[in-house]
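Data block below; observations after.
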Number of protein chains: 2
Amino acid sequence: MSLVVVGSVAFDELETPFGKTDRIIGGSGTFISLSAANFTKKNKTKLIGVVGGDFPKDKIAMLQSKGVDTEGLQIKENEKSFFWKGKYHNDMNSRDTLVTELNVLGDFDPVIPDSYQDCEYLILGNLAPSVQKTVIDRLKKRPKLVVMDTMNFWMDVAWDDLMQTLKLVDVLTINDEEARQLSKEYSLVKASKKILAMGPKVLVIKKGEHGALLFKEDQVFFAPALPLEEVFDPTGAGDTFAGGFIGYLASTGNIDFSNMKRAIIYGSAMASFCVEKFGTERLEELEEDELDERVQEFIDLVQFEIKLS
Amino acid sequence: MSLVVVGSVAFDELETPFGKTDRIIGGSGTFISLSAANFTKKNKTKLIGVVGGDFPKDKIAMLQSKGVDTEGLQIKENEKSFFWKGKYHNDMNSRDTLVTELNVLGDFDPVIPDSYQDCEYLILGNLAPSVQKTVIDRLKKRPKLVVMDTMNFWMDVAWDDLMQTLKLVDVLTINDEEARQLSKEYSLVKASKKILAMGPKVLVIKKGEHGALLFKEDQVFFAPALPLEEVFDPTGAGDTFAGGFIGYLASTGNIDFSNMKRAIIYGSAMASFCVEKFGTERLEELEEDELDERVQEFIDLVQFEIKLS
């Protein structure tokens, strides 16, 4: 069994109401794999991506030390890594993109090492839908579960590609605004029905500080976000959530609805760590026993007992 | 035992993306008492308020038929009832007030009938904080539980009165924006700490479609709103929630934290009915068995099983 993650591995430069960063590492592939590797055995979370020669080698070593196999991470020594610079507004719920430099991501051709062909769990982090599809096409055996993330940008510029890739996946994870744009419905319940008709069997709608919804056929599950004193930096929280979600599913080998509920809670717990510090900092220092404590906080937050007659 | 509700009993005129109404009945006292009466025995939910001669007698009879004691509802035959006209924006999360006519509410002097002096549960619906305080002062025996609702308007125009009344109540229910304004903190966790230092022992923050948070000392509980295909008209949902909350507590006679969690679920279930039709329409036609079915939907929505080692 292995869990394959494809996504951007990149530099971010961030400004939040709490401070600024220099260039730090980020990207969907980075956050997803760092999060998922907490659940899988060493080297069973396998990363596919591309960086330039400017990407710090010690950060690749850090990913490896956390249990991420980076054989599928291409290094283009003479090129530059993808770069995103953004500034969060005071409410932390919206942000402006100040700079996007595609660099190596502009012509990214995902190569799948032979050792990744045992992939049972595949997660397609936010990338061009055509690139996401290429990864599915290049796997010799269809994985047991394919999870896909995307964003509104691709709905604007690559609608047809997006529709094609959507037909091939099992689970789509998007945020509430993206669900509304994709379905052209304001109500998330109506949106979920339209989106589930586009291909995915399961839809996860991420609502940031307002939690996450899981839809499958007529079933729905809701998990809150943990109420925190401060959300220090939301960058990567959605990817960290998705990484925890698929990591938990892969580690338990069970993709039924009741286990997906648990996976949503574990994903939410991982995301609640992510936002406590800038970038990947909190995930890098996360200790194993902290995760159980955090999951217990989620249980305490939502559990109640009502006996209906 | 009785549950006393004080609040406005009024006319509303509404416009939502789904349509318009003529003058229909509304007001915090109306929604709270209609909701609470689902939980208490006949005539144990007792309403204090004031209307003009223009208020339809058949609507007072409707309240009575639903189990609301209206002895404390003053009728000023030669005056007009409070009137509010509002228009909701497309997202239903914000609205504009188009008209507010205080009329009889301008010099409302709440009179407490002798038969209301057995009050054990008191809920102060949104009214001037000085009027809310008068009700507490005029009860000969301090109730077992006093719940208070308020709104940002009183923070703007009656801050000192509000602070005085806050010191006298057990539970404050406000929405997220109001919690932020009252505490001058954006984080709801920080806001809750400041507000709990102002007097109330328990704080309920209503987040509309994003659910509700319950805070007491270091304990926190979260209940989602039910994901609905449509929110037809949110008017009165917060009051209906509060009515279900205190109605459930009164009917069970238990005000500990674990029972307050259940009360939050019952309040959320009542609110989920309220928004399905204009004004009080859905609450007026609610059948007893529908409530249990709705509560079961909440249980299904949030329950999961995780066994931590």
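The values are calculated or read from the model by the stated rules, or taken from the named source; none is laboratory data. Here the structure is a predicted model, which is why all the values come from computation and not from measurement. Reconstructed Cβ throughout: ideal geometry from the backbone, glycine too, with neighbour counts over all protein chains shown. Protein only, heavy atoms only, side chains kept; ligands, DNA and RNA dropped before computing areas. Shrake-Rupley method; radii C 1.70, N 1.55, O 1.52, S 1.80 Å.
Between B:Glu120, B:Glu178, which is at pLDDT 95 or above and more than 23 Å from B:Arg95 (Cβ to Cβ)? Break it down stepwise before answering.
Details: B:Glu178 fails: more than 23 Å from B:Arg95 (Cβ to Cβ).
Being at pLDDT 95 or above and more than 23 Å from B:Arg95 (Cβ to Cβ) holds for just one of B:Glu120, B:Glu178, which is B:Glu120.
B:Leu308 meets all of the listed conditions (1) part of a loop (DSSP other than H, G, I, E, B); (2) closer than 30 Å to B:His89 by Cβ; (3) of a type outside the set (S, T, N, Q) but one, namely (2).
Quick check on A:Thr252: is it under 19 Å from A:Asn38 (Cα atoms), open to solvent by less than 10 Å² (accessible area, probe 1.4 Å), of a type in the set (Ser, Thr, Tyr) and in contact with a helix residue (DSSP H, G or I) (Cβ under 9 Å, 6 or more places away or on another chain)? Don't jump to the end; show me each part of the working.
Working: under 19 Å from A:Asn38 (Cα atoms): yes; open to solvent by less than 10 Å² (accessible area, probe 1.4 Å): no; of a type in the set (Ser, Thr, Tyr): yes; in contact with a helix residue (DSSP H, G or I) (Cβ under 9 Å, 6 or more places away or on another chain): yes.
No; evaluated as a whole, the condition is false for this residue.
Close Cβ contacts (under 6 Å, 6 or more residues apart or on different chains) running from residues in the stretch B:1-18 that are part of a strand (DSSP E or B) to residues that are among the aromatic types (Phe, Trp, Tyr) comprise B:Leu3/B:Tyr121; B:Val4/B:Tyr116; B:Ala10/B:Phe82; B:Phe11/B:Phe83; B:Asp12/B:Trp84; B:Thr16/B:Tyr88.
For the stretch B:212-238, give me each residue that is at the interface with chain A (Cβ under 7 Å from one of its Cβ atoms) and either in a strand (DSSP E or B) or over 18 Å from B:Phe257 (Cα atoms) (or both). B:Leu213, B:Val220, B:Phe221, B:Phe222, B:Pro227, B:Leu228, B:Glu229, B:Glu230, listed by residue number.
Just so you know, in the stretch A:175-221 the residues that are open to solvent by less than 60 Å² (accessible area, probe 1.4 Å) and hydroxyl-bearing (Ser, Thr, Tyr) include one that is farthest from A:Val147 (Cα to Cα), and it is A:Ser187.
Of the helices (runs of 4 or more DSSP H) entirely within the stretch A:85-171, those holding at least 3 residues that are open to solvent by less than 10 Å² (accessible area, probe 1.4 Å) occupy A:129-138, A:159-166. When the stretch B:281-309 is filtered for residues that are among the β-branched types (Val, Ile, Thr) and out of contact with any helix residue (DSSP H, G or I) (no Cβ under 6 Å at 6 or more places or on another chain), only B:Ile299 remains. Candidates in the stretch A:16-51 are the residues that are more than 18 Å from A:Asp109 (Cα to Cα) and among the basic types (Lys, Arg); of these, the one that is least open to solvent (accessible area, probe 1.4 Å) is A:Lys44. Are there any pairs with C-beta distances below 9 angstrom linking a residue in the stretch A:99-114 that is closer than 21 Å to A:Asn78 by Cβ and touching a residue at least 60 places away in the same chain (Cβ under 8 Å) to a residue that is among the aliphatic types (A, V, I, L, M) and part of a helix (DSSP H, G or I), with the two at least 6 apart or on different chains, and if so which? That search, which allows pairs on different chains as well, returns A:Leu105/A:Val131; A:Pro110/A:Val131; A:Pro110/A:Val135.
For the stretch A:286-295, check the following and say yes or no: at least one residue is open to solvent by less than 10 Å² (accessible area, probe 1.4 Å), more than 12 Å from every other protein chain (Cβ to nearest Cβ) and more than 12 Å from B:Phe304 (Cα to Cα). Outline the logic, then answer.
First pass over the stretch A:286-295, keeping only residues open to solvent by less than 10 Å² (accessible area, probe 1.4 Å): A:295.
Add one more test, that the residue is more than 12 Å from every other protein chain (Cβ to nearest Cβ), and what stays is none.
Taking every residue of the stretch A:286-295 in turn, none turns out to be open to solvent by less than 10 Å² (accessible area, probe 1.4 Å), more than 12 Å from every other protein chain (Cβ to nearest Cβ) and more than 12 Å from B:Phe304 (Cα to Cα).
Report whether or not B:Pro56 is more than 16 Å from B:Ala242 (Cβ to Cβ), touching a Phe, Trp or Tyr at 6+ places or on another chain (Cβ under 9 Å) and open to solvent by 10 Å² or more (accessible area, probe 1.4 Å).
Working: more than 16 Å from B:Ala242 (Cβ to Cβ): yes; touching a Phe, Trp or Tyr at 6+ places or on another chain (Cβ under 9 Å): no; open to solvent by 10 Å² or more (accessible area, probe 1.4 Å): yes.
Considered against the rule, which asks whether it is more than 16 Å from B:Ala242 (Cβ to Cβ), touching a Phe, Trp or Tyr at 6+ places or on another chain (Cβ under 9 Å) and open to solvent by 10 Å² or more (accessible area, probe 1.4 Å), B:Pro56 comes out as no.
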